[in-house]
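Scroll down for the structure; my scribbles are underneath it.
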Amino acid sequence: DDIKIYHNSSSGNGNIENHTGSLYVTNYTDDADIIFRTEDGSGGVTTYIELDGSTERVDFKKPIYAEDSAFFADSSVLYFGAGNDFRIQHNGSANYIQSYGGAIYIDQNVDDSDISIRNDDGSGGVTTYMRFDGSDGHTVATKKIRFDDNVEATFGSSNDMKIYHNSSSGNGNFENHTGSLYVTTYADDSDIILRS
């Protein structure tokens, strides 16, 4: 009696139980699926998970607007890779995207489209702080960028020009480490003004 299928009248549940070894659910029909369906909240049934034999993929079919399309409890970790090298987790208070092997790439493969990094706008919504503009070929900062003390904004492949604030001396620094330093205005009838 190692495997049992029955209805429990006390709980009202149907049960499939395996009491030894592993439990296999197998479909040998070419290009056919294994489909998991349950009640759809409106008196009918709908597919939640489909193991698609023709496309060789797992499809989560629950409509995307449902709040719990795929729910993972706090501190659950999604692991990717043979060595669990890439992980996504919410620990109950913070969210983590972690790599334990190799680089992390975020690719936008749609022509002339953007990647936007958004955060709280201070008024109950979100706004873009940084945009990688695929049509203009620019990285666009849409909010102020602050460099803390002694953190350099560097320019050039060899960090040849630097702008930074030195907390020890209390000085602001604009440094050029190779070639000449040009300060140029191309606007007609404009000036260069040095003030102190």
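Just tell me the longest site-free run in the chain, where the sites are trypsin sites (Lys or Arg not before Pro) in a DSSP loop having at most 12 other beta-carbon atoms within 10 Å.
1-142
Could you name the lysines whose alpha carbon sits less than 28 Å from that of Lys143, not counting residues in the same chain fewer than 8 places away?
Qualifying lysines at Cα under 28 Å: Lys162.
For an R0 of 35 angstrom, estimate the FRET efficiency from the Cβ-Cβ distance between Ser42 and Asp133 and round to the nearest 0.05.
The value I calculate is 0.25.
At a probe radius of 1.4 Å, what is the per-residue accessible area of Phe86, in Å² to the nearest 10?
About 60 Å², ignoring ligands and nucleic acids.
If amide hydrogens are placed 1.01 Å from N in the peptide plane, which non-local residues have theirs closer than 5 Å to the one on Tyr129?
Distant-sequence amide H within range of Tyr129: Ile117, Arg118, Asn119.
Rounded to whole Hz and in sequence order, give me ³J(HN,Hα) for segment 177-191 from the Karplus expression 6.51 cos²θ - 1.76 cosθ + 1.60, θ = phi - 60°, writing x for Gly and Pro.
10, 7, x, 8, 10, 9, 10, 10, 10, 9, 6, 4, 6, 10, 10
Order Phe80, Phe71, most accessible first, counting only protein heavy atoms with a 1.4 angstrom probe.
Phe71, Phe80
In sequence order, what are the phi-derived ³J(HN,Hα) couplings for segment 74-89 according to the Karplus relation 6.51 cos²θ - 1.76 cosθ + 1.60 with θ = phi - 60°, rounded to whole Hz, with x for glycine and proline?
In residue order, the calculated couplings are 3, 6, 5, 10, 8, 9, 10, x, 4, x, 6, 6, 10, 9, 10, 8 Hz.
At a Cα cut-off below 14 Å, give the aspartates and glutamates reachable from Lys4, other chains included and same-chain residues fewer than 8 away excluded.
Correct list for Lys4: Glu17.
If the only charges are +1 at each Lys and Arg Cβ and -1 at each Asp and Glu Cβ, what is the size of the charge dipole of segment 71-131 around the Cα centre, to the nearest 20 debye?
220 debye
Ile49 versus Ser22, label points 7 Å from Cα toward the beta carbon: distance in nm?
Taking the simple label geometry, Ile49 and Ser22 are separated by 1.5 nm.
Suppose the chain between Gln108 and Ser158 were pulled fully straight at 0.36 nm per residue; how much longer would it get relative to their current alpha carbon spacing?
My answer for the length gained is 15.2 nm.
Looking at Gly14, Gly53, Ala103, which one has the Cα that reaches farthest to the positive end of the dipole of the chain (charges on Cβ: Lys, Arg +1; Asp, Glu -1)?
Value computed over the given set: Ala103.
Taking the Cα centre as origin and putting +1 on Lys and Arg beta-carbons and -1 on Asp and Glu beta-carbons, what dipole magnitude results for the chain, to the nearest 20 debye?
Using Cβ point charges on Lys, Arg, Asp and Glu, the chain gives about 680 debye.
Run the 1.4 Å probe and let me know the accessible area of His165, rounded to the nearest 10 Å².
The value for His165 is about 70 Å².
Order Ser9, Ser116 by their accessible area, 1.4 angstrom probe, all chains in place, largest first.
Reading off the accessible areas and sorting them downward yields Ser9, Ser116.
Out of these labelled values of semi-axes √(5λ) of the Cα gyration tensor in Å, (1) 58, 20, 19; (2) 30, 18, 13; (3) 83, 17, 16, which was calculated from the coordinates shown here?
Among (1) 58, 20, 19; (2) 30, 18, 13; (3) 83, 17, 16, the one calculated here is (1).
Could you pull out the chymotrypsin sites (Phe, Trp or Tyr not before Pro) across segment 104-139 that fall in loop regions by DSSP (anything but H, G, I, E, B) with no more than 15 other Cβ atoms inside 10 Å?
Tyr105
On the accessible surface of the chain, probed at 1.4 Å, how many percent belong to carbon and sulfur atoms?
On the way: 7670 of 16510 Å².
Roughly 46 percent, rounded to a whole number.
With every protein chain left in place and a probe of 1.4 Å, what is the accessible surface of Asp188, to the nearest 10 Å²?
Number for this one is 140 Å².
If Glu39, Glu175 are ordered by their accessible area, calculated over protein heavy atoms with a 1.4 Å probe, which sequence runs from highest to lowest?
Glu39, Glu175
The values are calculated or read from the model by the stated rules, or taken from the named source; none is laboratory data. Keep in mind it's a predicted model, so treat the numbers as computed, not measured. All Cβ positions, glycine included, derive from the backbone under ideal geometry; neighbour counts span all protein chains shown. The accessibility values were calculated without ligands, DNA or RNA, using every heavy atom of the protein model including side chains. Shrake-Rupley method; radii C 1.70, N 1.55, O 1.52, S 1.80 Å.
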